[in-house]
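All remarks here apply to the structure that follows.
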Amino acid sequence: MYDLTYSQSLQPRAQRGDTFRLAIPALIRLITKIFHFHDGPLIMAGLDFVTGFFSLYLLYLLTVDTPLETPDRPKDRALKIMCFLAIIQFPIAWVVPWQRPETLPSTLFLAFSLLCLSKIGSSRLWSLPILFALPIQAFVRSDVAIIFGIAIALVGLWTIVKHVSQDELRVSRYYVVLGTLIAIISGGIQAYLHTLYPEAGVDIQVRTNLGFHGLEVLTILLAPFISFFLFLIAKRPPVNIVEKVIIASALLYLPMYFTFGIAGEARIYVPFLLILCVVTARVSASYASTKLDLAS
């Protein structure tokens with residue numbers, strides 16, 4: 001169930017030492033004021049439903065309809081859909097036990113931004129929706145936005161170092177600029193929040209997470225995706241630049257989650273697990289399709 005103390009007070013958690021989740025409580029207060037509806041948990045459930053629905057829809061589009069060099073065959077599309085529906089069950093299972101109102105909005109930001117990134121090659125204007133959504137996300141969970149921006153910039157730099165074609169080089173340079181902007185803006189907002197709430201500190205949780213319970217949750221949480229990463233290392237299937245951003249984001253956030261978060265609160269990492277489902281489904285479906293073609 002939702003944290004009733006959190007939902008009933010409808011006060012920014014930053015006032016109680018948490019500067020990472022300011023926007024959602026403010027939105028709930030606004031909804032309460034406009035509609036004179038004072039059932040906090042029900043409002044949060046509604047926000048979860050709306051943001052969760054659109055998050056999954058955008059992730060589905062990224063999995064199935066992301067532009068490819070060659071059109072998908074009906075068989076390939078069906079395999080992607082089946083793989084996506086199968087793998088998405090793993091992170092979704094962690095949403096319900098830790099129903100916090102910032103988890104699915106953060107996922108929606110990542111899914112929306114990734115969809116825009118997939119279209120930046122055709123028009124740089126697709127970066128504008130990301131930058132418009134960024135300040136909102138920074139007041140929801142700035143840590144997610146900071147890591148996402150760093151991942152975009154690093155993937156862009158890595159692609160430049162590999163001496164790619166001129167078209168890919170232009171896109172990669174834009175990734176570096178955009179990722180740096182995202183990291184700086186979200187980091188600046190986080191720094192501003194710390195000046196407003198200087199009593200809000202960050203605790204190191206490594207010792208706690210090295211306990212049996214923390215390692216147990218991490219093992220169960222990451223097992224399906226660790227298997228996928230081992231597959232990536234062994235088979236080295238091709239991945240596009242957006243998929244590289246997803247992988248980089250998930251890998252970069254993991255040490256932050258283990259160091260500053262509580263491993264037992266799996267919802268902290270769930271947004272990155274949800275976007276990882278896109279890569280897992282696309283790559284798994286492509287590999288399975290190749291094997292079926294060879295077998296036939």
Under the 7 Å Cα-to-Cβ spin-label approximation, residue 160 and residue 29 lie apart by a distance in nanometres of 4.2
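So how do 118, 142 line up by other beta-carbon neighbours within 10 Å, fewest first?
Sorted ascending by nearby Cβ count, the order is 118, 142.
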Measuring from the longest principal axis of the C-alpha atoms of the chain, the long axis of helix 74-87 (C-alpha) lies at a number of degrees, nearest 10, equal to 30
For the range 93-191, the dipole about the Cα centre with charges only on Cβ (Lys and Arg +1, Asp and Glu -1), to the nearest 20 debye, works out at 120
Summed over the other residues with a beta carbon less than 14 angstrom from that of residue 263, with K and R at +1 and D and E at -1, the charge totals -1
Each label sits 7 Å from Cα toward the beta-carbon; between residue 194 and residue 252 the label points are separated, in nm, by 1.7
Taking a ≥ b ≥ c as the square roots of the Cα gyration tensor eigenvalues, with a/c under 1.5 meaning rounded and otherwise prolate when a/b beats b/c or oblate if not, the range 229-296 comes out prolate
Surrounding charge for residue 217, neighbours by C-beta under 12 angstrom, Lys/Arg +1, Asp/Glu -1, total -1
As straight-line cross-link partners of residue 75, the qualifying lysines (C-alpha separation under 20 Å, not fewer than 8 residues apart within one chain) are 291
To the nearest 10 degrees, the tilt of helix 103-117 (Cα long axis) against the first principal axis of the alpha carbons of the chain is 40
If every Lys and Arg gets +1 and every Asp and Glu gets -1 at its Cβ, then about the Cα centre the chain yields a dipole, in debye to the nearest 20, of 440
From the Cα centre of the range 89-165 to that of the range 174-241, the distance in Å is 12
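Sort 103, 180 by Cβ crowding within 10 Å, fewest neighbours at the top.
If I rank by nearby Cβ atoms, fewest first, I get 180, 103.
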Per-residue ellipticity at 222 nm attributable to helices in the chain (runs of n ≥ 4 DSSP H, -39500 (n - 2.57) apiece, nearest 500 deg cm²/dmol) works out to -25000 deg cm²/dmol
Proxy exposure order for 270, 177, 161 (fewest C-beta within 10 Å first) is 161, 177, 270
With Cα coordinates, the longest principal axis of the chain makes an angle with the long axis of helix 127-161, in degrees rounded to 10, of 30
At 10 °C and 1.306 mPa s, the Stokes-Einstein diffusion coefficient in µm²/s for the chain, with hydrodynamic radius from the Kirkwood sum on alpha carbon pairs, is 79
Once the dipole of the chain is set up from charges on Cβ (+1 Lys and Arg, -1 Asp and Glu), the residue from the list 176, 36, 107 lying farthest towards its positive end is 176
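Laboratory data are not the source of any read-out in this text; all were calculated from the coordinates shown. A quick note: this is a predicted structure, and the numbers were derived from the prediction, not measured. Glycine gets a Cβ as well: all are built from the backbone with ideal geometry, and neighbour counts include every protein chain shown.
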